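Visitor: First the structure, then my questions, so here it is.
The values are calculated or read from the model by the stated rules, or taken from the named source; none is laboratory data. Note that the structure is a prediction, hence the values are computed from the model and not measured. All Cβ positions, glycine included, derive from the backbone under ideal geometry; neighbour counts span all protein chains shown. Accessible surface is based on the protein model in full, side chains and every heavy atom, while ligands, DNA and RNA are left aside. Shrake-Rupley method; radii C 1.70, N 1.55, O 1.52, S 1.80 Å.
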Amino acid sequence: MKKILVTGGLGYIGSHTVVELINSNYEVVIIDDLSNSQVEVLQNIKKLTGVEPSFYCSDLKDRALVSKVFEEHAIAGVIHFAAYKSVGESQQIPLDYYENNICSLINLLQEMKTRSVDNFIFSSSCTVYGQADHMPISEETPLKMPESCYGKTKQMGEEIIKDYIEAERKKATLLRYFNPIGAHPSGLLGELPRGIPNNLIPYVVQTAAGVRECLSIFGDDYPTEDGTAIRDYIYVIDLARAHVAALNKLLQSEELMCLDIYNLGTGKGTSVLEIVKSFQKINKQVVPFKMCDRRPGDIVVAYADASKAEKELNWTAGTSIEESLRTAWNWQQTLV
Ligand code: WQD
């Protein structure tokens, strides 16, 4: 059974990916510093899979701790989720974001180099495209300097990985997520935003639950059909399954100095107002909202051309927006 290190494995996307990895007969080791996750997630992973992965509550900035994990486990591949990810927060504390997101990545790659671990999957983001000139966005779309420090750490991370695999003749995969949403249908895993949610769906479900008074819709004057911004909302388990498919491909590949890049989305754009209306309809809940000014740094529209992942990974994001929103509401109700 191949052993996979998942950093940030107790986080939102990480935990769903750990479940899919175990269900695909991988053994999983988790490093997570619990800065944006909770240790209870480990027990919920065990409830879902019958397996409790090895867990290290560690900061990847501590090279000795990273080395200890590789000392104690014969790691066949690494999926690297662990990073600070709040667009807004990154503008307030940029140095913390550069130190955490970049130094953690470098520590991990240094250890992989020392231990000759060749297979690396990096959690990247569509934010590296900035506001792309044409839709849908393919992997050939030119990158633009992201507006946020968070986005810059993702773009720099990709460049570091490219240089690393060139110099060390390794192989890696960059997965550029669009907007992950939803939760595990069991109600055991989901998003656990700290404080006031930055992202749309957690704010919508908290408003429906009465935790928040009213949803602010940032901008109703965009050049879109209903004036609100458009994104590609992908169900979190479809996203998790893409990681397993990418890992399978990477482990089977003999080719070195190889970097695969995949956009992971549904290929469909949905506006903020459409999300709110779908949520209300499918969950029979009212979401009070008001139209507000645009949020600085937001782009107008982003949705993926996911055909490369569909073809090369034999994968599709098949879950509907409605089903994703149903799981999000189901999850929120377990939290109150
Ligand atoms: C979506 C839309 C908002 C909240 C970012 C990162 C991306 C990824 C996901 C990490 C926008 C609008 C939101 C609210 C609103 N990050 N909105 N009211 O900004 O597309 O992407 O988060 O995984 O890399 O760039 O996601 O959910 O914040 O916003 O109107 O209370 O919802 O303006 O149009 P975003 P988001």
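Visitor: Express as a percent, rounded to the nearest 5, the fraction of DSSP beta bridges in the chain (both residues included) that run antiparallel. Write out the running numbers ahead of the final one.
Guide: Details: 2 of 41 bridges.
Once the DSSP bridges in the chain are tallied, antiparallel ones form about 5 percent.
Visitor: Which residues among the stretch 151-179 fall inside the zone where the amide N is under 18 Å from a point 7 Å beyond the Cα of N314, along Cα→Cβ?
Guide: Inside the label zone: nothing.
Visitor: Same structure again: Could you work out what % of the accessible surface of the chain is carbon and sulfur, using a 1.4 angstrom probe and leaving DNA, RNA and ligands out of the count?
Guide: 49
Visitor: Please compute, for the alpha-carbon atoms of the chain, the extent along each of the three principal axes and give them in descending order in Å.
Guide: 54, 43, 39
Visitor: Cα axis of helix 12-23 to longest principal axis of the chain: angle in degrees, 0 to 90, nearest 10?
Guide: Long axis of 12-23 versus the principal axis of the chain: about 50 degrees.
Visitor: Report, in whole Å, the centroid distance computed from the Cα atoms of the stretch 295-336 and the stretch 163-182.
Guide: If we compute the Cα centre of each part, the gap is 19 Å.
Visitor: Compute the separation of the alpha-carbon centres of the stretch 190-215 and the stretch 28-91 and state it in Å as a whole number.
Guide: Taking the Cα centre of the stretch 28-91 as reference, the centre of the stretch 190-215 is 25 Å away.
Visitor: Set the Förster radius R0 to 51 Å, insert the Cβ-Cβ distance between K284 and E166 as r into 1/(1 + (r/R0)^6), and round the FRET efficiency to 0.05.
Guide: On the way: r = 54 Å, r/R0 = 1.06.
Efficiency, from the Cβ-Cβ distance: 0.40.
Visitor: So which trypsin sites (Lys or Arg not before Pro) in the stretch 244-336 end up in coil per DSSP with only 15 or fewer other C-beta atoms within 10 Å?
Guide: On the way: sites: K249, K268, K277, K281, K284, K290, R294, K308, K311, R326; in loops: K268, K284, R294.
Passing both the DSSP loop test and the Cβ count: K284, R294.
Visitor: Right, here's the next one. When Lys and Arg each count +1 and Asp and Glu each count -1, what net charge do the other residues less than 14 Å away from I181, Cβ to Cβ, add up to?
Guide: In short, -3.
Visitor: Round to the nearest 10 and give me the degree value, 0 to 90, for the angle of helix 236-252's Cα axis relative to the longest principal axis of the chain.
Guide: So the inclination is approximately 20 degrees.
Visitor: As a test of reading the structure, rank E255, E312 by solvent-accessible area (1.4 Å probe, protein chains only), most first.
Guide: The most accessible residue leads, giving E255, E312.
Visitor: Taking the chain as the reference, fit the longest principal axis to its C-alpha atoms, fit the long axis of helix 321-335 to the helix C-alpha atoms, and give the angle between the two in degrees, 0 to 90, nearest 10.
Guide: Tilt relative to the chain: about 80 degrees.
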